[in-house]
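Every read-out reported here was derived from the displayed coordinates using simple, explicitly stated rules and does not represent laboratory data. These numbers come from a predicted model, not from an experiment. Counting neighbours? That spans all protein chains shown, and the Cβs are built from the backbone with ideal geometry, glycine included.
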Amino acid sequence: MKPKINAGDRSQIQWADGNWVFIDIGFSSKGRTCGLLFGNGSPTNVQFADARGMITDRVKESKSIVNLVIEAPLSVCFDSSGNPKGRRIEKEGDKYRYWYTGPGCAVMVAAMYLIRDIHEAKTGVPVRLFEGFISYKHGTVMSDHKTDVSVLREVVRDPIKFSDSIYDVDALKSDPSDLLSSAFCVAGLDCGIPAVIKPNLSPHESV
């Protein structure tokens, strides 16, 4: 039985039983460019193939819903003419990381392969998707993959304290006419449009 993968909304960002998985996904052929964190565990840096296997195994072994946070674009936006357009959260001042360019596009492809693996896993455990967005570093301390997943977990552990770091679907459009959809529709998987966790704290403020 295949898992049902659906987008989560901000009301579902609650620590509860802690059955959360966080991945700062990378797409390197050799480097350990994925930061991976399970529940209350310690973050690690792993290669892409290892991350795919470990997360899929987690879904297969789980007895309850798995909440999966992927630091990559999980939804896409087009203007009313059908041209790609940045989502509102992707621009901050004169900085931007649009889903359809550069690193954003690369990690979105990596996420597609991960979601396909989970979809094809033989398990009936539901998977709830959330998008992580850590693009603009604040403060003097630079973060790495392990720090980034720890920061995402910090928001989930206390969503009330960090409520300004959580964005629902309505906050992703710049204009009412913008067309949003799941990033996985192009692969035949419509998982919906997940809430986005975009931490407003610097790396040294996390645990």
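Table for the structure above
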read-out	value
For the chain, share of DSSP beta bridges that run antiparallel, in % to the nearest 5	50
Normalised per residue, the volume of the convex hull around the Cα set of region 5-205 (Å³)	120
Which of Leu129, Leu74 has the fewest Cβ neighbours within 10 Å, and the rest in rising order	Leu129, Leu74
Kirkwood Rh and Cα Rg combined as Rg over Rh, evaluated for region 36-123	1.04
Listed residue pairs exceeding 19 Å between alpha carbons, taken from Lys2/Lys60; Lys122/Lys146; Lys30/Lys198; Lys2/Lys63	Lys122/Lys146; Lys30/Lys198
Order by protection proxy (mean Cβ within 10 Å, highest first), peptides 63-70, 45-52, 80-87	63-70, 45-52, 80-87
